[in-house]
1. Which one is modelled with the lowest pLDDT, of the residues in the stretch 76-86 that are within 27 Å of residue 17 (Cα to Cα) and either assigned to a loop (DSSP other than H, G, I, E, B) or in contact with a helix residue (DSSP H, G or I) (Cβ under 8 Å, 6 or more places away or on another chain) (or both)?
2. Checking the condition out of contact with any strand residue (DSSP E or B) (no Cβ under 8 Å at 6 or more places or on another chain) and assigned to a helix (DSSP H, G or I), which residue from 73, 126, 89, 117 passes?
3. Say whether the condition of being modelled with pLDDT under 85, touching a strand residue (DSSP E or B) at 6+ places or on another chain (Cβ under 9 Å), surrounded by 10 or more Cβ atoms within 10 Å (Cβ to Cβ) and assigned to a helix (DSSP H, G or I) is met by at least one residue in the stretch 9-18.
4. Does residue 106 count as assigned to a loop (DSSP other than H, G, I, E, B) and either surrounded by fewer than 10 Cβ atoms within 10 Å (Cβ to Cβ) or modelled with pLDDT under 80 (or both)?
């Protein structure tokens with residue numbers, strides 16, 4: 001259970017370190033009107049009027065959060081000799097850990113016990129205390 005938890009945390013860490021996203025903010029004057037992450041931020045009602053007057057009181061801010069583009073992938077040949085030995089021995093022992101044991105034959109599998117006619121312990125008055 002602990003191993004699966006660590007694996008999930010590591011997978012999420014790699015996912016979130018490589019994700020990029022954009023945060024878009026729209027201000028009308030000094031007032032924040034809308035913040036958006038995945039779609040374009042909504043414009044205020046003053047935006048069409050500003051185009052006619054050619055004066056701008058609205059502004060858009062875009063913040064880009066870039067994730068990691070390249071992950072380091074090492075080849076087996078890039079490791080030094082001791083690390084190669086450790087990986088080789090670990091892999092060999094892990095593969096041979098799950099070998100199946102030889103099939104065991106159970107000789108008394110089809111044997112049925114005899115029918116009890118009477119309980120001998122009760123007849124002889126012998127009880128384990």
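The values are calculated or read from the model by the stated rules, or taken from the named source; none is laboratory data. Owing to the predicted nature of the structure, the values given are computational and were not obtained by experimental measurement. Cβ coordinates were reconstructed from backbone atoms using ideal geometry, including for glycine residues, and neighbour counts include every protein chain displayed.
1. 76
2. After applying the criteria, what remains is 89.
3. For the stretch 9-18, residues modelled with pLDDT under 85, touching a strand residue (DSSP E or B) at 6+ places or on another chain (Cβ under 9 Å), surrounded by 10 or more Cβ atoms within 10 Å (Cβ to Cβ) and assigned to a helix (DSSP H, G or I): absent.
4. yes
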